[in-house]
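Reviewing the structure listed below.
Derivation of every value follows stated rules applied to the coordinates shown; laboratory data play no part. Since this is a predicted model, take the numbers as computed values, not measurements. No Cβ is skipped: glycine too gets one built from the backbone with ideal geometry, and neighbour counts run over all protein chains shown.
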Amino acid sequence: MAGTALPGRLIWQAATVSAVRAETPSARTIVLDIPDWPGHLPGQHLDLRLTAEDGYSAQRSYSIASDWPGAGPVEITVQRLEDGEVSPYLTDVVEPGDRIELRGPIGGWFVWRSAQPAPVLLVAGGSGVVPLMSMIRERGRLRARQPFRLIYSVRTPEDASFAGELRRRVRDDPGLDVHFVYTRKTPDGWPAPPKRIDVATLNSHGWPPDFAPDVFVCGPTSFVETAADILVALGHDPSKVRTERFGGG
Amino acid sequence: MGIISRGFGGRRRDSAPDLPPGQYLTQDFPVLSAGPTPRIPLDRWSFTITTETGRKHTWDWAEFTALPAEEITRDIHCVTKWSKLGTTWKGVSLDTLFEDVETAADYVMAHSKGGYTTNVPLQDLLDGQAWIAYEFDGEPLDPEHGGPARLLIPHLYFWKSAKWVNGLEMMHEDEPGFWEAAGYHTYGDPWLEQRYQGD
């Protein structure tokens, strides 16, 4: 297990919000123009800092949703946490033209590198899809040959971020499969009742362990614990299963 | 002071006394791990200190839990911004474990089941500053929080408190561990906000 060194230090800088876009009733994408962005790998995150008029400030980390074509804006997609301090500001208050301090990119482990030849299995719980979406977008832009499968667990169809884009990408790209798991309510005509991710889901819609896929699991702690335990029980090498868990607000 | 965020008031300031810069208070116990949670049977657990000369000091679970243990109450601070105050642990002081260890090396690499590593100066492990903890809140330490036993170094960011720790290796030179090689700070003092390389 080895990471990749990130050179230099991470400096706070002011980004400008150039657009916002609703993804679901409680998640919003914020498009950021960052004057001096060094580029990022899919899966990395950034730190964002808000400051109140009296100088009080709060920092949080957010996964980057966009890929990096070498220039242009950077997108984060934020899920509103009802008791959160920063996320409701980002989902409900921020408008184009606002400036936000941030620094990044951060993280050298939970990243997909296009030079890795293995097939890729992405397992998302709720807003854990965000860093995985960056990987899917990077794959699409590079027309990478590694086949990708995404298993995406959401409570209801309305809670799925990027649903239209994922549909379009699956239609246009034979190397990408997406399977949804609905835990509370399924779409009309869905062949199974709501359920949580289980052995059958990962067995049927993941890659066989023999393919030695690179696996990325992201979501709330309980979801990640469950999915990672099942993957190891199915025979996946634990060192090939990378996880990112989130909690707090 | 940074750029003012239009319309941002902040909610948590009243409930967050004495936190290191950039941290917020949580009542939960979030989990940060790079991979699946290993399950380590106690009859296969061991802990080894390896000196720079290759001399090994090893304890199995029965030997380890027979050592004098301490009750520890400390605040903990995760680099992902949460802090949790007054957490209570039971564990064996590193002072106890190093009692019979002869070493002239100044740095330590902690090793964990699954290949995770983290580097710490030896002086940060001694003098009542660090433990191998095996209970949290009066219960055996849960696997997702690092059980059966984890390193506990509360005065550094919590990634230094390696979960599933199974050994310490003495080193003459400071070398980066797992998160440190991935861009995190080599020392990690929360009060100096040493989150990332260069902080």
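Some points to look at:
- Exposed-loop-free span, longest in chain B, where GluC sites (Glu not before Pro) count as exposed if DSSP calls them loop and at most 12 other C-beta atoms lie within 10 Å: B:1-98
- Near the amide H of B:Asp75, within less than 5 Å, lie the amide hydrogens of B:Gly86, B:Thr87, all on another chain or at least 5 residues away, with H placed in the peptide plane.
- Dipole in debye (nearest 20) - chain B, about Cα centre, beta carbon charges: Lys, Arg +1; Asp, Glu -1: 1020
- Taking amide H atoms as placed 1.01 Å from N in the peptide plane, the amide H of B:Tyr24 lies under 5 Å from those of B:Trp82, B:Ser83, each 5 or more residues away in sequence or on another chain.
- Stretch gain in nm, segment B:Glu99-B:Asp28, where the contour uses 0.36 nm per residue and the Cα spacing is subtracted: 22.0 nm
- Under Karplus coefficients 6.51, -1.76 and 1.60, residue-wise ³J(HN,Hα) of segment B:61-74 in Hz, glycine/proline x: 4, 5, 5, 5, 6, 7, 6, x, 10, 10, 8, 10, 10, 8
- The relative contact order of segment B:48-122 comes to 23 percent, based on Cα pairs under 8 Å that sit 6 or more residues apart.
- Principal-axis analysis of the Cα atoms of chain A puts helix A:163-172 at an angle of about 60° to the longest axis.
- Between helix A:129-142 and chain A: long-axis angle, C-alpha atoms, 0 to 90°, nearest 10: 80
- Zero-based 20 Å bins, Cα pair distances in the protein assembly as shown, whole percents: 24, 56, 19, 0
- Amide H contacts of A:Ile151 (H built 1.01 Å from N, under 5 Å, at least 5 apart or other chain): A:Leu122, A:Val123, A:Ala124, A:His179
- From the alpha carbon centroid of segment A:121-180 to that of segment A:211-249 is 16 Å.
- Normalised contact order of chain B, rounded percent, pairs of Cα under 8 Å and 6 or more residues apart: 22
- When each of B:Lys84/B:Lys113; B:Lys113/B:Lys160; B:Lys81/B:Lys160; B:Lys90/B:Lys163; B:Lys84/B:Lys160 is checked by Cα-Cα distance, pairs over 18 Å: B:Lys84/B:Lys113
- Binned Cα-Cα distances of segment A:13-106, short to long, each 10 Å bin given as a whole percent: 17, 54, 27, 2
- Loop-located GluC sites (Glu not before Pro) across segment A:48-157 with a Cβ neighbour count of 12 or fewer within 10 Å are A:Glu82, with loop assigned by DSSP.
- Kirkwood analysis of chain B, using all unique Cα-Cα pairs, places the hydrodynamic radius at 17.6 Å.
- Karplus 3J(HN,Hα) series, Hz, for segment B:87-96 with 6.51 cos²θ - 1.76 cosθ + 1.60 (x for Gly, Pro): 6, 10, 9, 10, x, 9, 5, 5, 4, 5
- Shape category assigned to chain A from the gyration tensor of Cα positions, a/c cut at 1.5: prolate
- For segment A:120-246, alpha-carbon Rg over 2.2 N^0.38 Å: 0.99
- Peptide B:23-31 shows a mean partner chain C-beta count of 4 within 10 Å per residue C-beta.
- Selection of trypsin sites (Lys or Arg not before Pro), segment A:138-228, meeting DSSP coil and at most 12 other Cβ within 10 Å: A:Arg143, A:Arg145, A:Arg184
- The long axis of helix A:221-233 is offset from the longest Cα principal axis of chain A by roughly 30 degrees.
- Sites listed here are chymotrypsin sites (Phe, Trp or Tyr not before Pro) in segment B:127-199 whose DSSP assignment is loop and whose Cβ has at most 11 other Cβ atoms within 10 Å, and the list is empty.
- Estimated vicinal HN-Hα couplings, Hz - segment B:130-139 in sequence order (Karplus 6.51, -1.76, 1.60; Gly, Pro = x): 8, 9, 9, 9, 10, 9, 10, 6, x, 10
- Among beta bridges that DSSP assigns inside the protein assembly as shown, antiparallel share in %, nearest 5: 70
- Residue order, fewest to most beta carbons within 10 Å, for A:Lys240, B:Lys90: A:Lys240, B:Lys90
- The relative contact order of chain A, computed from alpha carbon pairs under 8 Å that lie at least 6 residues apart in sequence, is 19 percent.
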